[in-house]
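What follows is a set of notes on a single structure, which appears directly below.
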Amino acid sequence: MPRTKKLGIVSGSGPVAAIVARNAREKGYAVVSVALAETQPEGLFTASDRYRRVSIGHPETVIGHLRSEGVRDLVIVGKFPRDLHFMELDFDKRALAMLSRLGSRDDLTFFRLIAQEMEKEGFRVRKQTDFLGRFLAGGGVLTATGPSEEETAQLRRAQATARWIAKMGIGQTLVVRDGLVIAVEAFEHTDATIRRAGKLAGEGTAVIKVSSPEQDPRFDVPTVGLHTLKVMNKAGAKTLVVEKGKPFLLDREAMIDYANRHQMVVVVL
């Protein structure tokens, strides 16, 4: 298919930006990617038609580059390390002006600020679901075995707790065992939370992943993939619970195969 349209991608770390790029190219877009220099996107260089790395402290350069490439539609995707908030970066004048409007350092506020700045400059920030919708989780037990009725009731209670924590802006991952809360995601992101819970409670923990009630589909749809299950297995976690229609399940077939081979449970509630 000839690629007559252009899509800009502003990317953080992880594999999701490359998946967006490949899906966009299948839809006829030429992909112009800007990877933030302080992050590590996986596979984005080869998945893009044009690729450049720019520091997160230089939004003026990002905007100028995308405009010079004729980009109008834009996707913001990937993980942005939270310790960026504490790095000593070189900021251009636009970045300093943006930071002066940053009322909070939480992820949603940060991403919204970026989106607002891009839209102010005439870009259209697209929903991630426009290019990743087929990865949204369905419902039910995805693996060969599932939780018992009693376990399901416990997991639903844990999910309600996780949603309350997410509503408070603390984190989107909760790890439990036998109905007890073992670890709550805070500053460290999901993987570190799972590892910490394994050290505290050993094998048999369950990982509950939820979305923020203020989720913005432009940049805030959580993702779960094979990597998550591998981290869980190494930490002794045996059950993964995600919300129906909320997270992107990447590598779905590989996830299910891996979970079945390691006697793990993946359930969508």
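Tabulated values for the structure
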item	result
Helices (runs of 4 or more DSSP H) contained entirely in the stretch 95-179, each with at least 2 residues that are surrounded by fewer than 16 Cβ atoms within 10 Å (Cβ to Cβ) and out of contact with any Cys (no Cβ under 9 Å at 6 or more places or on another chain)	107-120, 149-167
Which numbered condition Glu253 fails, given (1) touching a Leu at 6+ places or on another chain (Cβ under 6 Å); (2) modelled with pLDDT of 90 or more	(1)
Yes/no for Gln215 being outside any helix (DSSP H, G or I), of a type outside the set (D, E, K, R), in contact (Cβ under 8 Å) with a residue 24 or more places away in the chain and under 29 Å from Gly8 (Cα atoms)	yes
Matching residues, the stretch 186-198, being in contact with a helix residue (DSSP H, G or I) (Cβ under 8 Å, 6 or more places away or on another chain) and at pLDDT 95 or above	Ile194, Arg195, Ala197, Gly198
Meets criteria (under 15 Å from Val268 (Cβ atoms) and of a type outside the set (Asp, Glu)) for Leu155	yes
Out of Val71, Val75, Val62, Val32, sole residue that is crowded, with 19+ Cβ neighbours inside 10 Å and either at pLDDT below 90 or within 25 Å of His227 (Cβ to Cβ) (or both)	Val75
Residues located in the stretch 1-44, provided they are over 19 Å from the mean Cα position of the chain (by Cα) and not in a loop (DSSP other than H, G, I, E, B)	Lys5, Lys6, Leu7, Arg25, Glu26, Tyr29, Ala30, Val31, Val32
Residue tally, condition crowded, with 17+ Cβ neighbours inside 10 Å and either touching a His at 6+ places or on another chain (Cβ under 6 Å) or among the hydrophobic types (A, V, I, L, M, F, W, C) (or both), over the stretch 236-265	12
Flag for Ile9 being more than 20 Å from Glu117 (Cα to Cα), crowded, with 18+ Cβ neighbours inside 10 Å and touching a residue at least 60 places away in the same chain (Cβ under 8 Å)	no
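To keep it simple, each residue is scored yes or no on (1) assigned by TED's automatic domain parsing to the domain that holds Phe111; (2) farther than 22 Å from Leu136 by Cβ; (3) small (Gly, Ala, Ser).
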| residue | (1), (2), (3) |
| --- | --- |
| Thr205 | no, yes, no |
| Ser212 | no, no, yes |
| Gln215 | no, no, no |
| Val221 | no, no, no |
| Leu229 | no, no, no |
| Phe248 | no, no, no |
| Glu253 | no, no, no |
| His262 | no, yes, no |
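The values are calculated or read from the model by the stated rules, or taken from the named source; none is laboratory data. Predicted model, so just to flag it, every value in this text is computed and none were measured. When we count neighbours, we look across all protein chains shown, and the Cβ atoms used for this are built from the backbone with ideal geometry, even at glycine.
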